[in-house]
Amino acid sequence: HAGLAEREGMLFVFPEDGFHTFWMKDMNFSIDIVWFSFKGEIVDIQESVSPESYPKTFAPKEKARYVLELPSGFIEAFNVKVGDSVDF
């Protein structure tokens, strides 16, 4: 797979808040990673995480309930910032 489509993402929903960690094992393309609180507030962001970063892990600075993987460049293109909120 060459990557995520322009407005495509993968949402991870966890049963409880935590420092949910991600890595790029077996990935073939870069992504932006966004962590959200239970209330939908963005608590942390990692931009343009590349497959070459493996085995490095990425965790939020604050506990999160949801994690959204997006196409690399999405955060910059849509001016997404920590503290922004989303509705699910």
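The values are calculated or read from the model by the stated rules, or taken from the named source; none is laboratory data. The structure displayed is predicted, hence computed values, not measured ones. Glycine gets a Cβ as well: all are built from the backbone with ideal geometry, and neighbour counts include every protein chain shown. Note: accessible area is taken over every heavy atom of the protein model, side chains too, but ligands, DNA and RNA are not part of it. Shrake-Rupley method; radii C 1.70, N 1.55, O 1.52, S 1.80 Å.
Restricting region 66-80 to residues that are on the phi < 0 side of the Ramachandran plot and not in a strand (DSSP E or B), which is most open to solvent (accessible area, probe 1.4 Å)? Give the steps one after another, and end with the answer.
Step one: filter region 66-80 for residues on the phi < 0 side of the Ramachandran plot, giving 66-72, 74-78, 80.
With the extra rule that they be not in a strand (DSSP E or B), the set shrinks to 72, 74-78, 80.
Numbers: Ser72: 55, Phe74: 48, Ile75: 5, Glu76: 147, Ala77: 79, Phe78: 90, Val80: 33 Å².
Result: Glu76.
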(request) Please list, ordered by first then second residue, the pairs with beta carbon atoms under 6 Å, 6 or more apart or interchain, first in region 62-78 and touching a residue at least 12 places away in the same chain (Cβ under 8 Å), second acidic (Asp, Glu) and open to solvent by less than 50 Å² (accessible area, probe 1.4 Å). (result) Leu70/Asp32; Ser72/Asp32; Phe74/Asp32; Ile75/Asp32
(request) Report, by residue number, each residue of region 12-39 that is open to solvent by 10 Å² or more (accessible area, probe 1.4 Å) and assigned to a loop (DSSP other than H, G, I, E, B). (result) Phe19, His20, Thr21, Lys25, Asp26, Met27, Asn28, Phe29, Ser30, Ser37, Phe38, Lys39
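Return the residues of region 1-11 that are open to solvent by 70 Å² or more (accessible area, probe 1.4 Å) and among the aliphatic types (A, V, I, L, M); say none if nothing qualifies. Walk me through it before giving the result.
So in region 1-11, the residues open to solvent by 70 Å² or more (accessible area, probe 1.4 Å) come out as 1-2, 6-8, 10-11.
Of everything in region 1-11, those that are open to solvent by 70 Å² or more (accessible area, probe 1.4 Å) and among the aliphatic types (A, V, I, L, M) turn out to be Ala2, Met10, Leu11.
Select from region 40-65 the residues that are open to solvent by less than 60 Å² (accessible area, probe 1.4 Å) and either under 20 Å from Lys25 (Cα atoms) or among the small types (Gly, Ala, Ser) (or both) and list them in ascending order.
Filtering region 40-65 down to residues open to solvent by less than 60 Å² (accessible area, probe 1.4 Å) leaves 40, 42-45, 49-51, 53, 58-60, 64-65.
Gly40, Ile45, Val49, Ser50, Pro51, Ser53, Phe58, Ala59, Pro60, Ala64 - these are the residues of region 40-65 that are open to solvent by less than 60 Å² (accessible area, probe 1.4 Å) and either under 20 Å from Lys25 (Cα atoms) or among the small types (Gly, Ala, Ser) (or both).
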(message) I'd like the full set of residues that are in contact (Cβ under 8 Å) with a residue 40 or more places away in the chain and more than 17 Å from Leu70 (Cβ to Cβ), limited to region 21-40.
(response) Lys39
